[in-house]
Amino acid sequence: AKASGRGAVKFFVEDMALAVRRRRQLGVALRDALANAELSLAYQPIVALKDGRATAVEALLRWTHPGFGVVSPAEFIPIAEETGVIVEIGAYALDRACRDALNWPAHVRIAVNLSAAQFDRGDLEATVREALARTGLPAERLELEITESILVGNHAEVMTKLNRLHALGVHIALDDFGTGYSSLSYLNDFTFDKVKVDQSFVRDVTLPRNSKAVSIIRAVNAIGADLNMTVVAEGVETAEQLQALRALGVSGAQGYYFSQPAPADEIGLILLKEMAD
Ligand code: C2E
Ligand code: CA
Ligand code: CA
Ligand code: CA
């Protein structure tokens, strides 16, 4: 038992060393990813449950490296945040998304994810303003998705920044709602336009014995109605989940059930087809 224990430790240490090495290599490769045109955006519709039509489209970064292949954003975004290259990559995503959205019906908003590192830099407001000016996208068509990681830190400073962004006319959505720990206090001080209920709750919403997810979504929905925030459920994969969310009165949803993230031109066709129906 002792020998196998030691063996397990040895493999664990080797795995750790491999993981650290991959992380470092990806960090180096990410520096050139923009210049080498390895990054692109995929888009996923966010639909209104009342008619199934898209109200917004979320932009999701994709990275294909010649050596590493397709690297998931769940892996490379944290690395980009750590090295700081997310500031450049984030500005690219913002610009690209605004440009692509201009080709789509005007009632469809474009949602772009922001990292804490972008938010911490003093000039995020300028970056957003410039992206809008450069692309000509009306501010009210842009939605910025922020997570609770952005909200920790100097409360007054965070509030000032959120209010400045809001004053530009862009919408602010609180992403991954329910997975952090400070959301409720922030809801008291800032009126988000939208709250996105994390997919972990949606996953459990149809479990017969887990009514907790149902209670939580019902509560978020009540808060949303009171505070005038749109509530969107993330990660909807089945008709059963959709039905449960409808019964709870949730107004919007996003997930594989409706559409996988897809390239800009494909999403454009879907949106045009919706208009014609
Ligand atoms: P997120 O913002 O919560 O984005 C939703 C994630 O859920 C996306 O993963 C999306 O592809 C996935 N998803 C959509 N529908 C379903 C579904 O029905 N089931 C399941 N299981 N998943 C679904 P993705 O594209 O891998 O992105 C992962 C995360 O990476 C994002 O989570 C976001 O935090 C980050 N990310 C992606 N693009 C950007 C970006 O441009 N900037 C920043 N800062 N972060 C980004
Ligand atoms: Ca998001
Ligand atoms: Ca999310
Ligand atoms: Ca997430």
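In the range 33-67, the residue that is nearest to ligand 2 (Cβ to nearest atom) out of those that are β-branched (Val, Ile, Thr) and either open to solvent by less than 20 Å² (accessible area, probe 1.4 Å) or under 28 Å from Thr230 (Cβ atoms) (or both) is Ile46. In this structure, does Arg164 turn out to be more than 16 Å from the chain's Cα centre (by Cα), modelled with pLDDT of 90 or more and among the basic types (Lys, Arg)? So Arg164 fits the description; yes. Any residue at all in the range 233-251 that is within 16 Å of ligand 2 (Cβ to nearest atom) and among the β-branched types (Val, Ile, Thr)? Within the range 233-251, one or more residues are within 16 Å of ligand 2 (Cβ to nearest atom) and among the β-branched types (Val, Ile, Thr). Quick one: in the range 172-192, which of the residues that are open to solvent by less than 40 Å² (accessible area, probe 1.4 Å) and at pLDDT 90 or above is farthest from the chain's Cα centre (by Cα)? The qualifying residue farthest from the chain's Cα centre (by Cα) is Phe190.
Val214 - would you say it is within 22 Å of Lys50 (Cβ to Cβ), crowded, with 18+ Cβ neighbours inside 10 Å, of a type in the set (A, V, I, L, M, F, W, C) and touching a Lys or Arg at 6+ places or on another chain (Cβ under 6 Å)? No, not satisfied. As a summary of the residue check, Leu102 satisfies the conditions (1) open to solvent by less than 40 Å² (accessible area, probe 1.4 Å); (2) closer than 30 Å to Ala48 by Cα; (3) touching a helix residue (DSSP H, G or I) at 6+ places or on another chain (Cβ under 8 Å) except for the one numbered (1). Kindly indicate whether Phe201 is on the phi < 0 side of the Ramachandran plot, within 16 Å of ligand 2 (Cβ to nearest atom) and more than 14 Å from the chain's Cα centre (by Cα). Yes: the conditions hold for Phe201. In the range 262-277, the residues that are touching a residue at least 40 places away in the same chain (Cβ under 8 Å) reach residues that are of a type outside the set (Asp, Glu) and assigned to a helix (DSSP H, G or I) with C-beta atoms within less than 8 angstrom, at least six apart or across chains, in these pairs: Ala262/Ile270. If I filter the range 126-138 for residues that are touching a Gly at 6+ places or on another chain (Cβ under 9 Å), open to solvent by 60 Å² or more (accessible area, probe 1.4 Å) and assigned to a helix (DSSP H, G or I), do I get at least one hit? No, every residue in the range 126-138 fails to be touching a Gly at 6+ places or on another chain (Cβ under 9 Å), open to solvent by 60 Å² or more (accessible area, probe 1.4 Å) and assigned to a helix (DSSP H, G or I).
The values are calculated or read from the model by the stated rules, or taken from the named source; none is laboratory data. Values in this document were obtained by computation on a predicted structure and should not be read as measured data. Quick reminder, even Gly has a Cβ in these numbers, built from the backbone with ideal geometry, and neighbours come from all protein chains shown. We work out accessible area using only protein heavy atoms, side chains counted, and drop any ligands, DNA or RNA first. Shrake-Rupley method; radii C 1.70, N 1.55, O 1.52, S 1.80 Å.
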